Amino acid sequence: MSTCGTSKPALSFNILAKCDKSKARTSIMSLPHYDVETPVFMPVGTQGTLKGLLPDQLEKLDCQIILGNTYHLGTRPGPDVIKKAGGLHKFMGWKRALLTDSGGFQMVSLLKLAEITEEGVKFRSPYNDSEVMLSPENSIHIQNAIGADIIMQLDDVVKTTTTGPRVEEAMHRTTRWLDRCLKAHKNPESQNIFPIVQGGLDPDLRSESAKQLIQRDVHGFAVGGLSGGESKDEFWNMVHLSTNILPEDKPRYLMGVGFATDLVICCALGIDMFDCVFPTRTARFGCALVNTGQLNLKQKNYKTDYRPIDENCNCSTCQRYSRAYLHSIVTVETVACHLLTVHNICFQMKLMKSIRESIKEKKFPLFVKNFFKTLYPSGTYPKWITDALSAVNIELD
């Protein structure tokens, strides 16, 4: 429900139910523009738009919060244009909640264009080759102009598989940059800064990072620097370690995670919020998400398959179009991207809703077992999955 225009605090977090075995919980996270139900998946609208979908379509798909990219929005159209429009909500016609990242991830994704110092990150713009300095203060200045409900601190991001002194340097710098971000923040009554736990794959560094960050007066926390090439064993152990330290009464956001398996596992490990480009990006490559994994609709076996993507899906794509039709247009016609994006976002929203409902009904462990039985009908589960679930008292049959 909309909360715009009220005098509520910038964020309140009301846990509705907890799983009796695992760390999974469901809650209402009340933000200035919307009350968000968690666990929640946030589609990524990098440039203030979700590729292939309009805001009213996102609302119909039950999308409650989306993500924008500070680096890209700060470069084009720029904070002055967005601020003059009344913030990104008005600029893009989105009435529900928004989260913006800090631009820090571009240290990894645009590393060839970036130079990292204590002052900040100096980028060479991919748009016009000009130099851009993204400092903690500048990142917050841009995010204040954008006006998102949740804004991220600028963190020092290193590639997940990095080892050695650079990881510790980045972890401590992230804490220092957090303090600069908090000092620069102009809108604490309407925007929430989330610190980001770093420390790579080193348990001691990640623990120290989380312990440093929870000493700050903030309304929520993020877990960063994962899902970037590390093993699944390393991935889930770092998530588990982080949620053991982060406070139970505040939301926990795992950055850059969107595969269905990871969402289910990490909800069990105590994560409340997720984002990823995967559902929309894979749609552009002609892939549809289903409970058994993915359908690559470019494959010839779909040429005369007149069934919908998913007979149990109520999205507009499944209600109207066949796999055969989609096969004939994927990666060729622009409308195919739109149709598959509708379905894939619907799939993610339904998955998160099912997780929330199972927690409320005290059936989350059963939901997890049924989910993985559908995904692995032979019953042969990857060891990392059974290990991760076992760590939170869920045993797959």
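What nm value, rounded to one decimal, do you get for the distance between Lys360 and Asn14 when each label is placed 7 Å out toward the C-beta?
About 1.3 nm, to one decimal.
Report, to one decimal in Å, the Kirkwood hydrodynamic radius for segment 141-238 based on all distinct Cα pairs.
13.9 Å
Can you work out D for segment 234-354 in µm² s⁻¹ from Stokes-Einstein, where Rh is the Kirkwood radius over C-alpha pairs, the temperature is 25 °C and the viscosity is 0.890 mPa s?
158 µm²/s
Let me know the charge dipole size of segment 166-235 about its Cα centre in debye, to the nearest 20, where only the beta-carbon of Lys, Arg (+1) and Asp, Glu (-1) is charged.
In total the dipole reaches around 380 debye.
Which one, Ala85, Leu53, Val157, is farthest towards the positive end of the dipole of the chain when Lys and Arg carry +1 and Asp and Glu -1 on their Cβ?
Result: Leu53, furthest along the dipole toward the positive end.
Could you pull out the trypsin sites (Lys or Arg not before Pro) across segment 124-205 that fall in loop regions by DSSP (anything but H, G, I, E, B) with no more than 12 other Cβ atoms inside 10 Å?
Lys186
Would you look at the GNM of the chain, springs on alpha carbons closer than 10 Å, and say which of Thr341, Thr304, Thr161 moves the most?
Thr304
For n ≥ 4 DSSP H runs only, could you compute -39500 (n - 2.57) per run for the chain, divide by its residues and tell me the 222 nm figure to the nearest 500?
Taking each H run of at least 4 residues, the total per residue is -11500 deg cm²/dmol.
Quick one: among Ile345, Ile214, Ile271, which has the greatest mean-square fluctuation in a GNM of the chain with alpha-carbon springs under 10 angstrom?
Ile214
At most 15 other Cβ atoms within 10 Å and a DSSP loop assignment: could you name the GluC sites (Glu not before Pro) in segment 320-395 that fit?
Filter output for segment 320-395: Glu333, Glu361, Glu395.
Give the cross-link partners of Lys183 among the aspartates and glutamates, using a straight C-alpha distance below 19 Å as the criterion and excluding same-chain residues fewer than 8 apart.
Asp101, Glu118, Glu119, Glu137, Asp149, Asp155, Asp156, Asp217
Distance between the C-alpha centers of segment 255-269 and segment 281-323? Whole Å please.
Computed from Cα coordinates, the inter-centre distance equals 22 Å.
Evaluate the charge dipole of segment 191-283 about its Cα centre and quote only its size in Debye, nearest 20, assuming +1 on the Cβ of each Lys and Arg and -1 on the Cβ of each Asp and Glu.
Approximately 200 debye in magnitude.
Reachable lysines from Lys122, Cα under 18 Å, same-chain residues fewer than 8 places away excluded?
Correct list for Lys122: Lys112, Lys159.
Among Leu289, Leu297, Leu375, which one moves the most in a GNM of the chain with springs linking Cα atoms closer than 10 Å?
Leu375
Which value, in Å to one decimal place, does the Kirkwood hydrodynamic radius take for segment 296-397 when every pair of different Cα atoms is included?
For segment 296-397, the Kirkwood estimate is 15.8 Å.
Straight distance only, please: which lysines reach the Cα of Lys298 with their own Cα at less than 24 Å, same-chain residues fewer than 8 apart left out?
Lys51
Which is the longest run of the chain containing none of the chymotrypsin sites (Phe, Trp or Tyr not before Pro) found in DSSP loop states (not H, G, I, E, B) with at most 11 other C-beta atoms within 10 Å?
Between the exposed loop sites, the longest stretch runs 128-305.
So what are the three principal axis dimensions of the chain from its Cα atoms, in whole Å, longest to shortest?
So the extents along the principal axes, rounded to whole Å, are 58, 45, 45.
Values quoted throughout were computed directly from the atomic coordinates according to the rules given, and no laboratory measurement underlies them. Treat the numbers as computed from the prediction; the structure is a model and nothing was measured. A quick note on method: Cβ atoms are made from the backbone with ideal geometry, for glycine too, and the neighbour counts reach across all protein chains shown.
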